[in-house]
Amino acid sequence: MEKSLYMLAAVIFLGGFLGAAGVLINDATTQSYSFFNNTATTTTVNWTKSVTRENQSRDRATPATAETKLFSTNARGKRLETENRNKDSEEVNNNSREEEEERDDSKTKDEKTKLDCPPLGLESLQVDDSQIQASSYQRMGLGPHRGRLNIQSGIEDGDLYDGAWCADYKDRHQWLEVDAIHLTLFTGVILQGRNSIWSWDWVQTYKVQLSNDSVDWQTCMNGTEEAIFEGNQNPETPVLGVLPVPTVARFIRINPQTWYPNGTICLRAEILGCRVDDPTDIYASEREPGSKDTLDFRHHNYKEMRKLMKSVTEECPDITRIYTIGKSYMGFKLYVMEISDNPGKHELGEPEFRYVAGMHGNEALGRELVLNLMQYLCREYKKGNQRIVRLVTETRIHLLPSMNPDGYEAAYEKGSELAGWAEGRYSYEGIDLNHNFPDLNNIMWDAQENAADPSKVPNHYIPIPEYYTQEDATVAPETRAVISWMQDIPFVLSANLHGGELVVTYPFDCTRDWAPQEDTPTADNAFFRWLATVYASTNLVMANPDRRICHYEDFQAHNNIINGGAWHTVPGSMNDFSYLHTNCFEVTVELSCDKFPHVSELPIEWENNKESLLIYMEQVHRGIKGVVRDKLTKQGVADALIKVEDHHHDIRSAADGDYWRLLNPGEYKVVVWAEGYFPSMRRCHVGMEPHPTICDFTLTKTPIQRLKEIRAKGGKIPQDLQLRLRALRLRKLRASTKAINRRRESQRLQQEQLLQRRRARSSGARRA
């Protein structure tokens with residue numbers, strides 16, 4: 001009741017404001033607009049966390065409803081509290097403490113500050129270059145179209161793709177103008193300085209001007225004075241300036257007043273505003289993009305992610321299972337959702353697939369797409385969608401939505417528009433997880449250079465180097481967990497979901513001789529290019545020939561795919577490690593120009609990527625597959641070597657003897673060999689159909705091997721030297737991981753005991 005009365009009062013009070021807004025809209029040339037007597041402030045508002053509605057769309061609102069929402073907000077100058085991080089070790093489905101916290105979290109969700117107006121889309125490119133104008137600019141590379149939040153510059157100053165809009169003159173008459181196309185309730189401006197490794201430029205204070213025709217302008221007022229907004233103190237940290245009173249107009253200008261003394265007027269910006277209904281708008285009836293799928297389109301923190309995953313397992317218990325592969329440095333569990341018709345078990349001949357998201361915590365779109373994919377697969381399976389039913393019954397799917405939960409929480413606390421370009425990218429320890437895997441490339445290349453016959457050098461299942469297994473090695477717990485996961489499950493195909501660009505990259509990521517950029521293909525280059533093309537050609541944004549480049553590289557010239565090393569060298573990448581240490585082929589998908597899209601853009605991003613996510617999973621069924629069996633016992637032969645002629649990359653059979661070899665259509669000579677067996681050869685044909693060719697092999701033991709088995713009575717340690725070393729190094733890595741975890745747990749308990757003693761002394765002192 002109290003809330004209803006408050007809202008009623010707000011609506012009545014806003015009546016006068018609406019009348020004034022109407023004056024601004026209809027007669028800007030002769031009437032003045034009186035702002036409320038509020039103080040202009042600049043605060044770091046957690047924008048993403050402030051949006052709490054489940055259905056976050058860009059639905060148009062009337063000026064009355066929009067302004068009522070904003071009036072009821074009371075958010076300026078406040079910082080939202082962060083959620084308490086849950087670090088307990090109980091499983092998702094059997095943890096009453098976690099469930100209680102989730103209930104508490106849902107109770108407080110509606111109490112969070114609400115700022116409903118989304119960004120116009122300068123960063124996400126929803127605002128076209130033609131909508132951005134400027135008073136002047138130094139050159140084309142620093143033109144108004146470069147004044148977009150988080151835009152990145154090329155390496156060289158002076159090129160066509162610099163990192164900001166920079167005015168040609170240093171005076172207070174410069175401005176950057178954005179045409180919203182429609183009448184918009186403007187609520188704020190987010191500012192950054194120039195992205196450059198050579199120059200430091202940013203705006204320290206600025207004014208905001210509004211217009212309906214781009215001819216007559218009115219400056220935002222703070223009572224009777226023109227409002228001055230605080231800008232930046234460095235080039236990269238985004239700063240939010242909230243308008244004293246939300247105002248309806250079509251055009252908005254940022255008018256710099258002061259700037260870094262040793263620099264010039266340069267800025268990158270995002271505009272916040274809600275589109276409002278306008279009877280005279282001829283485009284008002286156009287349907288704005290969204291999604292027909294009723295999924296949970298919002299950003300999920302750790303608790304909310306866990307809650308969503310649990311809801312999916314409750315909705316589809318027969319095809320889903322949640323398990324954990326380890327913990328982050330801060331104790332967040334690395335949850336994985338398994339989707340299969342027989343969850344929890346590897347089925348003979350059924351390939352294993354994985355999606356990994358959130359390696360860089362601030363690249364949040366992949367996390368949400370994976371969570372959406374869980375919901376979609378569950379619901380479409382229940383509906384009987386034959387494509388999804390076939391995918392679930394023929395594939396064991398593993399979905400890891402957050403490999404770096406510590407980094408994500410840091411970015412989430414700042415919010416989608418205020419996290420900047422790097423907040424949350426690294427792990428809590430400051431490690432870039434995509435450079436943290438063992439560099440097996442150079443181990444292989446060095447061995448090939450030193451070998452008399454390079455073809456004899458192992459090209460797969462390369463063991464982890466000794467130094468990497470030590471307790472003092474700089475290896476993140478998240479990386480250790482993923483490596484162990486890769487060893488436990490015979491993955492065939494994977495994709496690593498990133499953000500900040502629109503391109504699909506394929507191995508090798510690391511270049512030879514440490515060249516900064518060099519095309520470095522694998523033995524399976526043709527198939528990797530096929531995999532990358534499958535995703536890129538079905539992605540609605542990548543496939544659009546008219547799309548604008550994200551930052552400074554035109555990947556459309558390469559059909560939106562590129563060899564990782566040809567883009568930039570990445571030693572220790574997960575893609576390369578997966579290819580050289582396991583049987584799994586993996587690519588990296590850069591999903592969006594915007595690393596952390598606003599919640600209102602998530603339905604559009606789902607539609608952009610839905611088909612790509614599905615069709616890429618289906619590629620796990622290309623090539624050949626089969627079972628390698630012992631001729632006498634009919635049992636599967638583990639670790640059998642599968643060699644394809646003219647493909648200098650081998651794979652191994654799994655524990656049950658089954659194998660999968662991804663190949664393009666063609667005729668192949670395949671040889672299978674195992675320790676103690678005679679080799680076997682077959683010719684296998686791979687057709688154009690999207691299903692694998694069955695190529696089973698039966699191996700006959702050599703007489704010597706049969707004698708060894710009689711004498712030794714069997715042994716678990718593989719005789720193959722490479723396999724033996726690989727198994728030994730994995731044991732050492734897992735042992736060092738356990739030792740590190742025990743030490744951290746001991747330190748945590750000591751800290752808790754110390755804190756309890758301090759609290760006890762403090763309590764005793766107060767009673768005394």
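The values are calculated or read from the model by the stated rules, or taken from the named source; none is laboratory data. Not measured: the values here are computed from a predicted model. We place every Cβ from the backbone using ideal geometry, glycine too, and count neighbours over all the protein chains shown. Just so you know, the surface numbers come from the protein's heavy atoms only, side chains and all, with ligands and any DNA or RNA stripped out. Shrake-Rupley method; radii C 1.70, N 1.55, O 1.52, S 1.80 Å.
Has segment 259-273 got at least one residue that is closer than 24 Å to ASP128 by Cβ, out of contact with any Ser or Thr (no Cβ under 7 Å at 6 or more places or on another chain), charged (D, E, K, R) and assigned to a strand (DSSP E or B)? Yes. Candidates in segment 627-647 are the residues that are under 18 Å from GLU667 (Cβ atoms) and open to solvent by 10 Å² or more (accessible area, probe 1.4 Å); of these, the one that is modelled with the highest pLDDT is LYS643. Report yes if ASN609 is in contact with a Lys or Arg (Cβ under 7 Å, 6 or more places away or on another chain) and either touching a residue at least 12 places away in the same chain (Cβ under 8 Å) or in a helix (DSSP H, G or I) (or both), otherwise no. Spelling it out, it is not the case that ASN609 is in contact with a Lys or Arg (Cβ under 7 Å, 6 or more places away or on another chain) and either touching a residue at least 12 places away in the same chain (Cβ under 8 Å) or in a helix (DSSP H, G or I) (or both).
Of all residues in segment 661-705, those being among the aliphatic types (A, V, I, L, M) and crowded, with 18+ Cβ neighbours inside 10 Å number 7.
Can you go through ALA712, ALA727, ALA760 and tell me which one is among the small types (Gly, Ala, Ser), at pLDDT 70 or above and closer than 30 Å to GLY657 by Cα?
On the way: ALA712 fails: at pLDDT 70 or above; ALA760 fails: closer than 30 Å to GLY657 by Cα.
Exactly one residue qualifies, and that residue is ALA727.
Every residue, every condition in (1) closer than 25 Å to ALA640 by Cα; (2) open to solvent by less than 10 Å² (accessible area, probe 1.4 Å); (3) at pLDDT below 95, yes or no:
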residue: SER416; (1), (2), (3): no, yes, yes
residue: TRP421; (1), (2), (3): no, no, yes
residue: GLN448; (1), (2), (3): yes, no, yes
residue: ALA451; (1), (2), (3): yes, no, yes
residue: TYR467; (1), (2), (3): no, no, yes
residue: GLU478; (1), (2), (3): no, yes, no
residue: ILE489; (1), (2), (3): yes, no, no
residue: LEU493; (1), (2), (3): yes, yes, no
residue: GLY500; (1), (2), (3): no, yes, no
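Considering segment 461-501, the residues that are part of a loop (DSSP other than H, G, I, E, B) and among the charged types (D, E, K, R) include one that is farthest from VAL336 (Cα to Cα), namely ASP472. If only residues of segment 502-516 that are outside any loop (DSSP other than H, G, I, E, B) and either closer than 25 Å to LEU391 by Cβ or at pLDDT 95 or above (or both) are counted, the one that is farthest from the chain's Cα centre (by Cα) is TYR506.
Of all the numbered requirements in (1) touching a residue at least 12 places away in the same chain (Cβ under 8 Å); (2) on the phi < 0 side of the Ramachandran plot, ASN559 misses one, and that requirement is (2).
Of the conditions (1) part of a loop (DSSP other than H, G, I, E, B); (2) open to solvent by 70 Å² or more (accessible area, probe 1.4 Å), SER124 fails just one. Which one is it? Single failed check for SER124: (2).
Within the option set SER494, SER416, being of a type in the set (Ser, Thr, Tyr), touching a residue at least 12 places away in the same chain (Cβ under 8 Å) and under 28 Å from MET617 (Cα atoms) holds for one residue only, SER494.
Within segment 518-536, the set of residues being within 24 Å of the chain's Cα centre (by Cα) and more than 20 Å from LEU369 (Cβ to Cβ) comprises PHE528, ARG529, TRP530.
When the residues of segment 175-232 are filtered to those that are in contact with a strand residue (DSSP E or B) (Cβ under 6 Å, 6 or more places away or on another chain), of a type in the set (S, T, N, Q) and in a loop (DSSP other than H, G, I, E, B), the one that is surrounded by the most Cβ atoms within 10 Å (Cβ to Cβ) is ASN232.
Taken together, the criteria exclude LEU149 from residues that are open to solvent by 10 Å² or more (accessible area, probe 1.4 Å), among the hydrophobic types (A, V, I, L, M, F, W, C) and closer than 29 Å to ILE604 by Cβ. Apart from one condition, CYS584 fits all of (1) surrounded by fewer than 18 Cβ atoms within 10 Å (Cβ to Cβ); (2) under 27 Å from LEU641 (Cβ atoms); the exception is (1).
So is THR474 closer than 23 Å to ASP594 by Cα and β-branched (Val, Ile, Thr) or not? Criteria not met by THR474. Look at (1) touching a strand residue (DSSP E or B) at 6+ places or on another chain (Cβ under 8 Å); (2) within 26 Å of ARG268 (Cβ to Cβ); (3) open to solvent by less than 10 Å² (accessible area, probe 1.4 Å) and you find that CYS550 fails only one, number (1).
Residues to consider are VAL276, VAL245; find the one that is of a type in the set (A, V, I, L, M, F, W, C), over 34 Å from the mean Cα position of the chain (by Cα) and modelled with pLDDT under 95.
Details: VAL276 fails: over 34 Å from the mean Cα position of the chain (by Cα).
Unique residue meeting the criteria: VAL245.
If you go through segment 343-359 and keep only what is touching a residue at least 24 places away in the same chain (Cβ under 8 Å) and open to solvent by 10 Å² or more (accessible area, probe 1.4 Å), you end up with PRO343, HIS346, GLU347, LEU348, GLY349, GLU350.
Condition check: under 28 Å from CYS550 (Cβ atoms), open to solvent by 10 Å² or more (accessible area, probe 1.4 Å) and not aromatic (Phe, Trp, Tyr). Does ASP432 satisfy that? In short, yes.
For segment 431-455, what are the residues that are outside any helix (DSSP H, G or I) and under 23 Å from ASN575 (Cα atoms)?
First pass over segment 431-455, keeping only residues outside any helix (DSSP H, G or I): 431-432, 436-439, 451-453.
Listed by number, the residues that qualify are ILE431, ASP432, ASN436, PHE437, PRO438, ASP439.
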